[in-house]
Amino acid sequence: MIMRSVMTRHFLVASHDIMMAAASFYLAVYLRLGAENMQYAESYLLKGTISFALICTLIFAKMRVYRGLWRYASMQDMSVIVRAVTLAILIFSTLAFLTDRNHGIPRSVPFINWMVLLVLMGGPRFLYRSLHDRNFFAPAKPSEGIKIPVLLIGVNDNAERFIRDMYRDTRAPYEVVAIADDD
């Protein structure tokens, strides 16, 4: 039962990422050409969208982009996404050049595609985490009553968890004012 749940979650995340890859190519071309010039992209838009999505599927699977849990999305997850998207763009651009010399594809499309795909993949993960942590609409700084100042000794997972808990709970009696570590 648990294995089925994990497989379903991985399938959903992989499906999301592949759909975002296909959408990012189309959006990059649209952002570059505009609505009035999209007829110039007819010769490569469908082929480019499908081939970019296929390349992304292979790269994302190899780099295990879909493995991270969205509720724990972190900068490490974003780093994996940046590397995977960069590699996919480089491979797609190289293959497009080798097959038909990028015929018709504006040179700025890969750069626009890179930015759009990062937003389409990273944005939902961090939005989900913010909503899951219930701090998306939280005030920037808790302002209820006087808090006990705390000096944390050592930087580790427990310290991070303590800081998050104190920030998340506006009624928490403590406020972290400094962290000391041997580094």
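The values are calculated or read from the model by the stated rules, or taken from the named source; none is laboratory data. Every value quoted in this text rests on a predicted model; they were computed, and no experiment measured them. Don't worry about glycine lacking a Cβ; one is built from the backbone with ideal geometry, like all the others, and counts go over all protein chains shown. Calculation scope for accessible area: heavy atoms of the full protein, side chains included, ligands and nucleic acids excluded. Shrake-Rupley method; radii C 1.70, N 1.55, O 1.52, S 1.80 Å.
Key figures
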quantity	calculated
Percent RCO, i.e. relative contact order, over the chain, from Cα pairs under 8 Å lying at least 6 residues apart	22 percent
For E175, distant residues with modelled amide H under 5 Å away	I148, V150
Heavy-atom accessible surface of the chain: percent carbon and sulfur, 1.4 Å	64 percent
More than 28 Å apart - percent of Cα-Cα pairs taken over the chain	44 percent
Per residue value of the accessible surface for the chain (all protein chains in place, 1.4 Å probe), Å²	67 Å²
Residue-averaged [θ]222 nm for the chain, counting only DSSP H segments that reach four residues, each worth -39500 (n - 2.57)	-21500 deg cm²/dmol
Length added when fully stretched, F97-L127, from 0.36 nm per residue minus Cα-Cα	7.2 nm
Cα-based helix-to-principal-axis angle, 2-33 vs the chain, degrees rounded to 10	60 degrees
Packing-based ranking, highest mean first, of 46-55, 84-93 given that Cβ atoms within 10 Å are counted	84-93, 46-55
Angle in degrees between helix 45-62 and the longest Cα principal axis of the chain, rounded to the nearest 10	40 degrees
Most mobile of M78, M20, M63 in a GNM of the chain (Cα contacts under 10 Å)	M63
Point-to-point label distance, N37-V82, nm (Cα→Cβ direction, 7 Å offset)	3.0 nm
